Amino acid sequence: MRRLLVTGARGQLGQDVCRQATARGLEVSALDLPELDIASQEAVRACLQATRPEAILNCAAYNAVDRAETEFHQALAANALGPRNLAVEAERLGVPLMHLSTDYVFDGRATRPYTIADPPNPLGRYGLSKLRGELEVQALARRHYVVRLSWVFGAGNDNFARKVLGWARGRASIQVVDDQVACPAYTADLAPALLELLGSGAFGLYHLANQGHCSRHAWAAHIVGAAGLGVEVVPVSSRAFPTPAARPAFSALDTFPLDGILGRPLPPWQDATERFLREIGART
Ligand SMILES: NC(=O)c1ccc[n+]([C@@H]2O[C@H](COP(=O)([O-])OP(=O)(O)OC[C@H]3O[C@@H](n4cnc5c(N)ncnc54)[C@H](OP(=O)(O)O)[C@@H]3O)[C@@H](O)[C@H]2O)c1
(Lines give C-alpha, C1' and ligand atoms only; values in the text may rest on other atoms or scores of the structure.)
Protein backbone atom coordinates (compact mmCIF):
# COMPACT_ATOMS: atom_id res chain seq x y z
CA MET A 1 0.00 0.00 0.00
CA ARG A 2 1.54 3.30 -1.12
CA ARG A 3 -1.38 5.66 -1.77
CA LEU A 4 -3.81 6.26 1.10
CA LEU A 5 -6.98 8.36 1.02
CA VAL A 6 -7.94 9.79 4.43
CA THR A 7 -11.42 11.32 4.71
CA GLY A 8 -12.28 13.60 7.64
CA ALA A 9 -8.57 14.41 7.58
CA ARG A 10 -8.86 17.59 9.68
CA GLY A 11 -10.65 15.89 12.57
CA GLN A 12 -8.72 14.91 15.67
CA LEU A 13 -8.04 11.32 14.55
CA GLY A 14 -7.67 12.30 10.88
CA GLN A 15 -4.80 14.67 11.69
CA ASP A 16 -2.82 12.01 13.55
CA VAL A 17 -3.52 9.36 10.91
CA CYS A 18 -2.24 11.69 8.16
CA ARG A 19 0.85 12.60 10.19
CA GLN A 20 1.69 8.96 10.96
CA ALA A 21 0.99 7.74 7.42
CA THR A 22 3.19 10.46 5.91
CA ALA A 23 5.96 9.60 8.39
CA ARG A 24 5.73 5.98 7.16
CA GLY A 25 6.37 7.17 3.59
CA LEU A 26 2.79 6.80 2.33
CA GLU A 27 1.44 9.20 -0.27
CA VAL A 28 -1.58 10.63 1.54
CA SER A 29 -4.60 12.34 -0.02
CA ALA A 30 -5.96 14.17 3.04
CA LEU A 31 -9.51 15.40 2.40
CA ASP A 32 -12.28 16.85 4.54
CA LEU A 33 -15.27 19.17 4.19
CA PRO A 34 -15.71 21.23 2.09
CA GLU A 35 -13.48 19.70 -0.61
CA LEU A 36 -14.92 16.20 -0.13
CA ASP A 37 -18.37 15.56 1.32
CA ILE A 38 -18.52 11.79 1.72
CA ALA A 39 -22.33 11.97 1.79
CA SER A 40 -22.25 12.80 -1.94
CA GLN A 41 -21.96 9.68 -4.08
CA GLU A 42 -20.81 11.68 -7.12
CA ALA A 43 -18.14 13.52 -5.12
CA VAL A 44 -16.83 10.26 -3.63
CA ARG A 45 -16.72 8.56 -7.04
CA ALA A 46 -14.93 11.52 -8.67
CA CYS A 47 -12.46 11.74 -5.80
CA LEU A 48 -11.55 8.06 -5.96
CA GLN A 49 -11.15 8.20 -9.71
CA ALA A 50 -8.82 11.20 -9.35
CA THR A 51 -6.74 9.95 -6.43
CA ARG A 52 -6.73 6.18 -7.17
CA PRO A 53 -5.97 5.20 -3.57
CA GLU A 54 -4.73 1.74 -2.67
CA ALA A 55 -6.56 1.97 0.67
CA ILE A 56 -9.16 4.26 2.26
CA LEU A 57 -9.32 5.27 5.91
CA ASN A 58 -12.57 7.03 6.81
CA CYS A 59 -12.12 9.40 9.77
CA ALA A 60 -15.09 11.59 8.74
CA ALA A 61 -18.09 11.59 11.04
CA TYR A 62 -20.93 13.59 12.49
CA ASN A 63 -20.13 13.37 16.21
CA ALA A 64 -22.62 15.78 17.79
CA VAL A 65 -24.29 13.21 20.06
CA ASP A 66 -27.00 15.55 21.39
CA ARG A 67 -27.68 17.46 18.17
CA ALA A 68 -28.17 14.14 16.36
CA GLU A 69 -31.47 13.77 18.25
CA THR A 70 -32.91 16.68 16.21
CA GLU A 71 -30.56 16.58 13.17
CA PHE A 72 -30.93 12.91 12.39
CA HIS A 73 -30.75 13.35 8.62
CA GLN A 74 -27.39 15.17 8.91
CA ALA A 75 -26.10 12.43 11.22
CA LEU A 76 -27.28 9.75 8.81
CA ALA A 77 -25.75 11.57 5.81
CA ALA A 78 -22.24 11.61 7.29
CA ASN A 79 -22.38 8.43 9.38
CA ALA A 80 -24.36 6.07 7.13
CA LEU A 81 -24.57 7.40 3.55
CA GLY A 82 -20.91 8.50 3.63
CA PRO A 83 -19.53 5.09 4.59
CA ARG A 84 -21.96 3.48 2.14
CA ASN A 85 -20.57 5.62 -0.70
CA LEU A 86 -16.99 4.84 0.30
CA ALA A 87 -17.82 1.12 0.55
CA VAL A 88 -19.37 1.02 -2.93
CA GLU A 89 -16.37 2.78 -4.49
CA ALA A 90 -13.82 0.77 -2.48
CA GLU A 91 -15.46 -2.40 -3.75
CA ARG A 92 -15.45 -1.06 -7.32
CA LEU A 93 -11.70 -0.32 -7.06
CA GLY A 94 -10.99 -3.52 -5.11
CA VAL A 95 -9.19 -1.66 -2.32
CA PRO A 96 -9.54 -2.02 1.47
CA LEU A 97 -11.75 0.40 3.41
CA MET A 98 -11.23 1.10 7.10
CA HIS A 99 -14.26 2.67 8.77
CA LEU A 100 -14.46 3.87 12.38
CA SER A 101 -17.40 3.46 14.70
CA THR A 102 -18.23 3.94 18.34
CA ASP A 103 -18.95 2.34 21.71
CA TYR A 104 -22.27 4.27 21.58
CA VAL A 105 -23.69 1.44 19.43
CA PHE A 106 -24.10 -0.36 22.79
CA ASP A 107 -26.79 0.34 25.40
CA GLY A 108 -24.34 0.32 28.31
CA ARG A 109 -26.17 -2.28 30.39
CA ALA A 110 -23.22 -4.70 30.36
CA THR A 111 -21.25 -5.53 33.48
CA ARG A 112 -18.01 -6.36 31.61
CA PRO A 113 -16.34 -4.72 28.59
CA TYR A 114 -18.19 -5.25 25.31
CA THR A 115 -16.71 -7.77 22.89
CA ILE A 116 -17.10 -7.72 19.10
CA ALA A 117 -19.67 -10.53 19.53
CA ASP A 118 -22.03 -8.52 21.76
CA PRO A 119 -25.23 -7.27 20.08
CA PRO A 120 -25.45 -3.50 19.54
CA ASN A 121 -28.50 -1.64 20.84
CA PRO A 122 -27.89 2.12 20.59
CA LEU A 123 -29.63 4.41 23.08
CA GLY A 124 -29.61 7.49 20.84
CA ARG A 125 -29.75 8.58 17.25
CA TYR A 126 -26.00 9.26 16.98
CA GLY A 127 -25.34 5.60 17.88
CA LEU A 128 -28.10 4.52 15.53
CA SER A 129 -26.54 6.43 12.63
CA LYS A 130 -23.08 4.97 13.39
CA LEU A 131 -24.53 1.45 13.56
CA ARG A 132 -26.16 1.97 10.17
CA GLY A 133 -22.74 3.00 8.79
CA GLU A 134 -21.15 -0.20 10.14
CA LEU A 135 -23.83 -2.31 8.48
CA GLU A 136 -23.46 -0.52 5.12
CA VAL A 137 -19.70 -1.05 5.09
CA GLN A 138 -20.01 -4.70 6.13
CA ALA A 139 -22.63 -5.36 3.45
CA LEU A 140 -21.02 -3.49 0.56
CA ALA A 141 -17.22 -3.72 0.85
CA ARG A 142 -15.65 -7.17 1.03
CA ARG A 143 -12.24 -5.82 2.13
CA HIS A 144 -13.45 -3.86 5.15
CA TYR A 145 -12.20 -3.12 8.61
CA VAL A 146 -14.81 -1.66 10.97
CA VAL A 147 -13.11 -0.43 14.14
CA ARG A 148 -15.15 0.79 17.10
CA LEU A 149 -13.41 3.41 19.25
CA SER A 150 -14.50 5.12 22.47
CA TRP A 151 -13.88 8.55 24.06
CA VAL A 152 -11.46 9.74 21.37
CA PHE A 153 -9.09 12.55 22.38
CA GLY A 154 -6.19 14.16 20.54
CA ALA A 155 -4.44 17.48 20.12
CA GLY A 156 -6.21 18.36 16.89
CA ASN A 157 -9.75 19.17 17.98
CA ASP A 158 -12.06 19.79 20.93
CA ASN A 159 -12.76 16.81 23.21
CA PHE A 160 -13.63 15.91 26.82
CA ALA A 161 -10.03 16.24 28.06
CA ARG A 162 -9.75 19.78 26.66
CA LYS A 163 -13.18 20.64 28.10
CA VAL A 164 -12.06 19.53 31.58
CA LEU A 165 -9.03 21.84 31.37
CA GLY A 166 -11.35 24.69 30.33
CA TRP A 167 -13.85 24.01 33.15
CA ALA A 168 -11.02 23.84 35.71
CA ARG A 169 -9.50 27.20 34.73
CA GLY A 170 -10.07 29.71 37.54
CA ARG A 171 -12.29 27.36 39.59
CA ALA A 172 -11.74 25.72 42.99
CA SER A 173 -13.93 22.74 42.10
CA ILE A 174 -15.75 21.19 39.15
CA GLN A 175 -18.50 18.58 38.98
CA VAL A 176 -18.10 15.60 36.63
CA VAL A 177 -20.40 12.61 36.15
CA ASP A 178 -19.27 9.32 37.63
CA ASP A 179 -21.97 7.09 36.12
CA GLN A 180 -20.57 6.94 32.57
CA VAL A 181 -17.71 4.47 32.20
CA ALA A 182 -15.71 3.75 29.02
CA CYS A 183 -12.15 3.72 27.63
CA PRO A 184 -10.27 6.91 26.72
CA ALA A 185 -8.60 6.51 23.31
CA TYR A 186 -5.66 8.79 22.39
CA THR A 187 -5.36 9.54 18.68
CA ALA A 188 -1.53 9.42 18.81
CA ASP A 189 -1.86 5.77 19.94
CA LEU A 190 -4.83 4.90 17.72
CA ALA A 191 -3.27 6.15 14.46
CA PRO A 192 -0.25 3.78 14.27
CA ALA A 193 -2.39 0.83 15.40
CA LEU A 194 -5.02 1.55 12.72
CA LEU A 195 -2.38 1.86 9.99
CA GLU A 196 -0.83 -1.43 11.09
CA LEU A 197 -4.23 -3.14 10.98
CA LEU A 198 -4.98 -1.60 7.57
CA GLY A 199 -1.89 -3.28 6.12
CA SER A 200 -2.59 -6.64 7.78
CA GLY A 201 -5.30 -8.06 5.50
CA ALA A 202 -7.15 -9.26 8.64
CA PHE A 203 -10.49 -7.77 7.57
CA GLY A 204 -13.39 -7.65 10.02
CA LEU A 205 -14.88 -5.98 13.09
CA TYR A 206 -12.64 -4.70 15.90
CA HIS A 207 -12.61 -2.72 19.14
CA LEU A 208 -9.72 -0.38 19.91
CA ALA A 209 -8.95 1.96 22.82
CA ASN A 210 -6.27 2.60 25.40
CA GLN A 211 -5.94 -0.11 28.04
CA GLY A 212 -8.28 0.01 31.04
CA HIS A 213 -11.50 1.89 31.62
CA CYS A 214 -12.70 4.63 33.94
CA SER A 215 -15.60 6.94 34.69
CA ARG A 216 -15.65 10.46 33.28
CA HIS A 217 -15.07 11.62 36.86
CA ALA A 218 -11.96 9.44 37.30
CA TRP A 219 -10.61 10.61 33.94
CA ALA A 220 -11.23 14.27 34.81
CA ALA A 221 -9.54 13.83 38.20
CA HIS A 222 -6.52 12.31 36.47
CA ILE A 223 -6.39 15.18 33.93
CA VAL A 224 -6.60 17.84 36.61
CA GLY A 225 -3.99 16.11 38.80
CA ALA A 226 -1.57 15.42 35.94
CA ALA A 227 -1.88 19.03 34.73
CA GLY A 228 -0.97 20.20 38.26
CA LEU A 229 -4.21 22.15 38.75
CA GLY A 230 -5.29 22.39 42.37
CA VAL A 231 -8.96 21.80 41.54
CA GLU A 232 -11.33 19.48 43.37
CA VAL A 233 -13.25 17.14 41.04
CA VAL A 234 -16.61 16.31 42.60
CA PRO A 235 -18.46 13.18 41.39
CA VAL A 236 -22.10 13.71 40.41
CA SER A 237 -24.84 11.71 38.72
CA SER A 238 -25.68 12.29 35.03
CA ARG A 239 -29.05 13.51 36.37
CA ALA A 240 -27.22 16.70 37.43
CA PHE A 241 -26.55 17.51 33.75
CA PRO A 242 -29.57 16.40 31.68
CA THR A 243 -28.78 16.03 27.94
CA PRO A 244 -31.05 15.44 24.93
CA ALA A 245 -29.35 12.11 24.19
CA ALA A 246 -28.92 9.33 26.75
CA ARG A 247 -25.35 8.00 27.10
CA PRO A 248 -24.48 4.37 27.87
CA ALA A 249 -23.62 3.89 31.55
CA PHE A 250 -20.90 1.33 30.82
CA SER A 251 -19.46 1.08 27.30
CA ALA A 252 -15.89 -0.09 27.91
CA LEU A 253 -14.54 -2.04 24.94
CA ASP A 254 -12.85 -5.44 25.09
CA THR A 255 -10.07 -5.13 22.49
CA PHE A 256 -9.73 -8.87 21.77
CA PRO A 257 -8.58 -9.93 19.15
CA LEU A 258 -6.95 -6.72 17.94
CA ASP A 259 -4.37 -6.70 20.75
CA GLY A 260 -3.15 -10.06 19.45
CA ILE A 261 -2.98 -8.90 15.82
CA LEU A 262 -1.00 -5.82 16.87
CA GLY A 263 1.13 -7.87 19.27
CA ARG A 264 0.35 -5.50 22.16
CA PRO A 265 -2.48 -3.60 23.84
CA LEU A 266 -2.39 0.19 23.57
CA PRO A 267 -0.77 1.88 26.61
CA PRO A 268 -2.95 2.46 29.70
CA TRP A 269 -5.33 5.44 29.53
CA GLN A 270 -3.51 7.21 32.38
CA ASP A 271 -0.22 7.16 30.45
CA ALA A 272 -2.00 8.27 27.26
CA THR A 273 -3.65 11.16 29.11
CA GLU A 274 -0.30 12.36 30.47
CA ARG A 275 1.32 12.26 27.00
CA PHE A 276 -1.67 14.17 25.60
CA LEU A 277 -1.26 16.87 28.26
CA ARG A 278 2.43 17.17 27.35
CA GLU A 279 1.57 17.35 23.65
CA ILE A 280 -0.76 20.31 24.19
CA GLY A 281 1.64 21.99 26.64
CA ALA A 282 -0.57 21.48 29.72
CA ARG A 283 2.07 19.41 31.56
CA THR A 284 5.85 19.62 31.58
N1 LIG B 1 -14.93 11.84 19.41
C2 LIG B 1 -15.21 10.76 20.13
O3 LIG B 1 -15.25 10.79 21.37
C4 LIG B 1 -15.46 9.44 19.44
C5 LIG B 1 -15.80 8.32 20.23
C6 LIG B 1 -15.99 7.09 19.60
C7 LIG B 1 -15.84 6.97 18.23
N8 LIG B 1 -15.53 8.08 17.49
C9 LIG B 1 -15.39 7.91 16.04
O10 LIG B 1 -14.02 8.05 15.73
C11 LIG B 1 -13.89 8.63 14.43
C12 LIG B 1 -12.97 9.85 14.50
O13 LIG B 1 -13.57 10.80 15.38
P14 LIG B 1 -12.95 12.22 15.67
O15 LIG B 1 -13.21 12.51 17.11
O16 LIG B 1 -11.55 12.31 15.13
O17 LIG B 1 -13.92 13.13 14.80
P18 LIG B 1 -13.84 14.72 14.54
O19 LIG B 1 -12.70 15.34 15.25
O20 LIG B 1 -15.23 15.23 14.80
O21 LIG B 1 -13.55 14.77 12.98
C22 LIG B 1 -14.49 14.38 12.03
C23 LIG B 1 -14.16 15.14 10.76
O24 LIG B 1 -15.08 14.70 9.75
C25 LIG B 1 -15.55 15.88 9.08
N26 LIG B 1 -16.84 15.60 8.45
C27 LIG B 1 -18.09 15.66 8.99
N28 LIG B 1 -19.01 15.35 8.05
C29 LIG B 1 -18.33 15.07 6.90
C30 LIG B 1 -18.74 14.71 5.59
N31 LIG B 1 -20.03 14.56 5.28
N32 LIG B 1 -17.77 14.52 4.65
C33 LIG B 1 -16.46 14.68 4.97
N34 LIG B 1 -16.01 15.03 6.18
C35 LIG B 1 -16.95 15.23 7.16
C36 LIG B 1 -15.63 16.91 10.17
O37 LIG B 1 -15.70 18.20 9.61
P38 LIG B 1 -16.48 19.36 10.43
O39 LIG B 1 -15.70 19.55 11.70
O40 LIG B 1 -16.42 20.52 9.49
O41 LIG B 1 -17.86 18.83 10.68
C42 LIG B 1 -14.31 16.66 10.91
O43 LIG B 1 -13.23 17.31 10.32
C44 LIG B 1 -15.31 8.92 13.95
O45 LIG B 1 -15.80 7.84 13.19
C46 LIG B 1 -16.11 8.99 15.24
O47 LIG B 1 -17.47 8.72 15.08
C48 LIG B 1 -15.31 9.30 18.07
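The values are calculated or read from the model by the stated rules, or taken from the named source; none is laboratory data. What you are looking at is a predicted structure, and each value in this text was computed from that prediction instead of being measured. All Cβ positions, glycine included, derive from the backbone under ideal geometry; neighbour counts span all protein chains shown.
Within the stretch 42-76, if we keep just the residues that are within 12 Å of the ligand (Cβ to nearest atom) and among the polar types (S, T, N, Q), the residue that is surrounded by the most Cβ atoms within 10 Å (Cβ to Cβ) turns out to be N58. Consider the stretch 101-129 and keep the residues that are surrounded by fewer than 16 Cβ atoms within 10 Å (Cβ to Cβ) and farther than 23 Å from F203 by Cβ. The one that is farthest from the ligand (Cβ to nearest atom) is T111.
Any residue that is crowded, with 17+ Cβ neighbours inside 10 Å, without any contact (Cβ under 8 Å) to a residue 40 or more places away in the chain and within 12 Å of the ligand (Cβ to nearest atom) - is there at least one of those in the stretch 139-153? For the stretch 139-153, residues crowded, with 17+ Cβ neighbours inside 10 Å, without any contact (Cβ under 8 Å) to a residue 40 or more places away in the chain and within 12 Å of the ligand (Cβ to nearest atom): absent. Residue pairs whose Cβ atoms lie under 9 Å apart, sitting 6 or more positions apart in sequence or on different chains, and linking a residue in the stretch 79-104 that is under 21 Å from A191 (Cα atoms) to a partner that is away from the ligand (no atom under 13 Å from the Cβ) and at pLDDT below 95, are V95/M1; P96/M1. Each residue in the stretch 134-162 was checked for being under 19 Å from R10 (Cα atoms) and in a helix (DSSP H, G or I), and 3 of them qualify. Restricted to the stretch 201-283, the set of strands (runs of 3 or more DSSP E) holding at least 1 residues that are more than 30 Å from R142 (Cα to Cα) comprises 232-236, 266-268. For the stretch 85-100, the set of residues classified as away from the ligand (no atom under 12 Å from the Cβ) and either closer than 22 Å to P257 by Cα or surrounded by fewer than 22 Cβ atoms within 10 Å (Cβ to Cβ) (or both) consists of V88, E91, R92, L93, G94, V95, P96, L97, listed by residue number. Filtering the stretch 1-41 to residues that are surrounded by fewer than 16 Cβ atoms within 10 Å (Cβ to Cβ), within 21 Å of F153 (Cα to Cα) and within 11 Å of the ligand (Cβ to nearest atom) leaves only L33. With respect to the stated conditions, E35 is modelled with pLDDT of 95 or more, out of contact with any Pro (no Cβ under 9 Å at 6 or more places or on another chain) and farther than 19 Å from L205 by Cα.
In the stretch 218-239, the residues that are over 14 Å from A282 (Cα atoms) reach residues that are of a type in the set (S, T, Y) with C-beta atoms within less than 9 angstrom, at least six apart or across chains, in these pairs: W219/T273; V231/S173; E232/S173; V233/S173; V234/S173; P235/S215.
Residue pairs whose Cβ atoms lie under 6 Å apart, sitting 6 or more positions apart in sequence or on different chains, and linking a residue in the stretch 166-185 that is over 16 Å from H222 (Cβ atoms) and within 16 Å of the ligand (Cβ to nearest atom) to a partner that is modelled with pLDDT of 95 or more and β-branched (V, I, T), do not occur here.
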